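The values are calculated or read from the model by the stated rules, or taken from the named source; none is laboratory data. Quick caveat: nothing in here was measured; it's all calculated off a predicted structure. Backbone-built Cβ (ideal geometry, glycine too); neighbour counts: all protein chains shown. Side chains included, ligands, DNA and RNA excluded: accessible areas come from the protein's heavy atoms. Shrake-Rupley method; radii C 1.70, N 1.55, O 1.52, S 1.80 Å.
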Amino acid sequence: MIHSMTAFARCERQGEWGTAAWELRSVNHRYLEAGVRMPESVRDLEGVVRERLRTALKRGKVEAGLRLQTGEAAAAGVSLDVELARQVVHASREVDSLLYNPAPVSSMDVLRWPGVIRTEQADPETLKAALLELLDEAIAELLEARAREGAQLRGFIEERLAAVGAEVERVRTRVPEVLAAQRERLLARLEEVRAELDPARLEQEMVLLAQKIDVTEEMDRLGAHVKEVGRVLKQGGAVGRRLDFLMQELNREANTLGSKSQDAETTRSSVELKVLIEQMREQVQNIE
């Protein structure tokens, strides 16, 4: 299966500990680069998060962000520190004795004092286990999205690959005709001075010219590269780099074909091949 490096996934969950949501974004990149954004309260999980991303993904720039909301929703219970409240009230009365016109202190003022109300948080290990389980769900969703996009990329590339193969065969069938026409043109130009030339040397020059303009070898290599690209696509896995190398080789042969071209049809085929190869190369950049 072919996987794209471009995808997005989001998973959210609520529990006694609060609400959490993982968002994963990935784009194409030469290697695997993972960025993690997490609240400081669970920062010790960052190493585990990175390891799970490295295990699941081979290439791509991945941004993993965790949104965690705790507080009242995450509180397992509320308790009052009576002793601290008593101290706050006593201190307030002492301050009142120093003022000419003290303002009354309400019970809510006392409750707002830090530490007077204690919230009992859920077990931190339970929270961390839930966050990692939610992360696994988000990674699975990201992989599914990358697989769907990869299937589309494979279809696009196979369509262009078939067009490249057809263009190669079109040029291959014209090779004998092009060589014969080139030979006839050269003979016509030399007809007037044939008597002054050594027939053996003339034939030798004809052979050398035929070798310079013969594109059979380029056609064979193009055909071999087309078959290899098809094989790699069927093989699947992390094949993006190999496909990128094959695109370079295809383009090299298409350029050579254009430089050797001796007729308009072969030149047109060379241009068409380069357009198709470039279209494939652009899509290959997104394959893992």
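Would you check if V78 is open to solvent by 50 Å² or more (accessible area, probe 1.4 Å), of a type outside the set (K, R), modelled with pLDDT of 95 or more and more than 29 Å from Q283 (Cα to Cα)? Against the criterion (open to solvent by 50 Å² or more (accessible area, probe 1.4 Å), of a type outside the set (K, R), modelled with pLDDT of 95 or more and more than 29 Å from Q283 (Cα to Cα)), V78 does not qualify. Among the residues making up the stretch 23-45, those that are part of a helix (DSSP H, G or I) and open to solvent by 30 Å² or more (accessible area, probe 1.4 Å) are E40, S41, R43, D44. For the stretch 219-254, filtering for residues that are at positive phi and open to solvent by 40 Å² or more (accessible area, probe 1.4 Å) leaves 0.
When A103, A130 are checked against the criterion of being aliphatic (A, V, I, L, M), within 30 Å of L80 (Cβ to Cβ) and outside any helix (DSSP H, G or I), A103 stands alone in meeting it. Residue under question is V42, and the condition is that it be modelled with pLDDT of 95 or more, at negative phi and in the same structural domain as A140 (by the TED database); does it hold? For V42, the condition - modelled with pLDDT of 95 or more, at negative phi and in the same structural domain as A140 (by the TED database) - is not met. Scan the stretch 21-38 for residues that are touching a Leu at 6+ places or on another chain (Cβ under 7 Å) and small (G, A, S) and report the count. Residues meeting the conditions: 2. Going residue by residue through the stretch 46-61, is there one that turns out to be surrounded by 15 or more Cβ atoms within 10 Å (Cβ to Cβ) and in a strand (DSSP E or B)? Checking the stretch 46-61: at least one residue is surrounded by 15 or more Cβ atoms within 10 Å (Cβ to Cβ) and in a strand (DSSP E or B).
Per the conditions (1) outside any strand (DSSP E or B); (2) within 30 Å of G155 (Cα to Cα), the sole criterion not satisfied by C11 is (1).
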